[in-house]
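The values are calculated or read from the model by the stated rules, or taken from the named source; none is laboratory data. Quick caveat: nothing in here was measured; it's all calculated off a predicted structure. Here Cβ is always computed from backbone atoms with ideal geometry, including for glycine, and neighbour counts include all displayed protein chains. Remember, those area values only see protein heavy atoms, side chains included, never the ligands or the DNA or RNA. Shrake-Rupley method; radii C 1.70, N 1.55, O 1.52, S 1.80 Å.
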Amino acid sequence: MACASASAKVRAMDEDQHDETYRRGRERFLEIHDEKALRTVEGLGDLGRHIIEFVYGEMYTKPALTDRERELGAVVALTALGRSSQLPQHLRASLKAGLSPAQLREAIMLTATIAGFPPAMNAMATLKSVLADRDRSAGREDPAEDRA
């Protein structure tokens, strides 16, 4: 019986740690993305919980990189891998973290030299769409600062 009781305590401690990592990850996720993105990830059930716990509760809380550096890395990796479904969210997060449209364009063009032109073309079109949405939301009709 003592072994079963100890095992239950270990499971409870493990669950508490997972809950804390999830809470920390959820807070960090919202610093980087928005409520809509959080609902999408949480809607993935257990997969979403793992994403929030590991990516945002552990990886995105490490001090070695800034949000700007993390998001630049994410944009480059998603572009190179052709992961277009996650790219808009990370482009928005990159802008929020302080990267300029010109810096994102340059990163995408640099990625083309290694990953090829087709994924870079897709990423550039996605960036154009993200910037247009941002400009519409801000009520700008002529986003001169976003031109290459």
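A few notes on this one:
- Check on Arg70, within 30 Å of Asp16 (Cβ to Cβ) and surrounded by 19 or more Cβ atoms within 10 Å (Cβ to Cβ): yes
- Filter result for the condition that a residue is of a type in the set (A, V, I, L, M, F, W, C), within 30 Å of Glu20 (Cβ to Cβ) and in contact with a Leu (Cβ under 6 Å, 6 or more places away or on another chain), over Leu104, Leu78: Leu78
- Counting only residues that are in contact (Cβ under 8 Å) with a residue 24 or more places away in the chain, assigned to a helix (DSSP H, G or I) and open to solvent by 20 Å² or more (accessible area, probe 1.4 Å), the range 54-67 holds 5 of them.
- Of all residues in the range 73-88 being touching a residue at least 40 places away in the same chain (Cβ under 8 Å) and open to solvent by 40 Å² or more (accessible area, probe 1.4 Å), the one that is nearest to Leu30 (Cα to Cα): Ser84
- Residue match in the range 108-130 (condition: over 30 Å from Asp16 (Cα atoms), open to solvent by less than 90 Å² (accessible area, probe 1.4 Å), free of Cβ contacts under 8 Å to residues at least 12 places away in the same chain and in a loop (DSSP other than H, G, I, E, B)): yes
- Condition met for Ser94 (within 28 Å of Arg136 (Cα to Cα) and assigned to a loop (DSSP other than H, G, I, E, B)): no
- Within the set Leu44, Leu38, the sole residue that is outside any helix (DSSP H, G or I) and modelled with pLDDT of 80 or more turns out to be Leu44.
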